[in-house]
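For reference, the structure discussed in these notes is given below.
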Amino acid sequence: MGKLALAQQHLTEGLDLAREVGDRYTEPLLLAGLADVHKDLARYDKAIELRLAAHEIIMEGMRGHESDSLNGLGELYAEAGLADQARQWFERAIAVTGERGERHQHGRALAGLGRLLGSREHLLAAIDILDAVSPLEAEQVRQALDAL
């Protein structure tokens, strides 16, 4: 069994168990993990379905994870080649993180939108934020900027 198939099996078992015991905190984390497996297998429709299900649960009672979920959806839609939807998720993430002062997630959203649009302005703004909170991510954004 390959590593992705094994990951899918374990995540599915964990999800079943979380649902069985009513663990609504763990459920969206496992759904997001399963979405990542499907993304890695280029099964974008299934990955999006799982990410949206995770986001729905997050919005019901885990709002502290909202910005990470918004960014994850933007990144997934971008990788799937669905630029309009990706842009909408990144713009929502920028609005939410700006309101809440969530600098790391704000930088991540700016970087995602900057990559999507090929926008130096967004990438430079992301680097400015990420230099202070996540230098490794800032370096990745610099590489995207250099590639423009």
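Numbers for the structure displayed
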read-out	value
Full-stretch length increase - Ala5, Leu117 - with 0.36 nm per residue and alpha-carbon distance subtracted	37.0 nm
Degrees, to the nearest 10: 103-117 long Cα axis against longest axis of the chain	80 degrees
Separation of the Leu41 and Arg63 label points, Cα + 7 Å toward Cβ, nm	3.6 nm
Whether region 1-61 is rounded, prolate or oblate, judged on the alpha carbon gyration tensor where a/c under 1.5 counts as rounded	oblate
Nearest-0.05 FRET efficiency for Val21 and Ala83, computed from C-beta distance (R0 41 Å)	0.55
Value of [θ]222 nm, deg cm²/dmol, for the chain, DSSP H segments ≥ 4, -39500 (n - 2.57) each, nearest 500	-28000 deg cm²/dmol
Spin-label pair Asp146/Arg100, simplified geometry with 7 Å Cα→Cβ offset, distance in nm	3.3 nm
Anisotropy class of region 84-148 from Cα gyration tensor, a/c 1.5 cut	oblate
Radius 13 Å from Cβ of Ala18, net charge of other residues (Lys, Arg +1; Asp, Glu -1)	-3
In degrees, nearest ten, helix 66-79 long axis to first principal axis of the chain (Cα)	80 degrees
Cα-based Kirkwood hydrodynamic radius, the chain, one decimal, Å	15.9 Å
The chain: relative contact order as a whole-number percent, Cα under 8 Å and 6+ apart	13 percent
Selection from Gly112, Ala144, Ala125, by position along the positive dipole direction of region 84-148 (Cβ)	Gly112
On Cα atoms only, tilt of 83-100 relative to the major axis of the chain in degrees	80 degrees
Of Glu66, Glu121, Glu20, the one that fluctuates the most in a GNM where the chain has Cα springs shorter than 10 Å	Glu20
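Any read-out appearing in this document is the output of simple, stated calculations on the displayed coordinates, not a laboratory observation. Computed from a prediction, not measured in an experiment: that's the story for all the values here. Cβ coordinates were reconstructed from backbone atoms using ideal geometry, including for glycine residues, and neighbour counts include every protein chain displayed.
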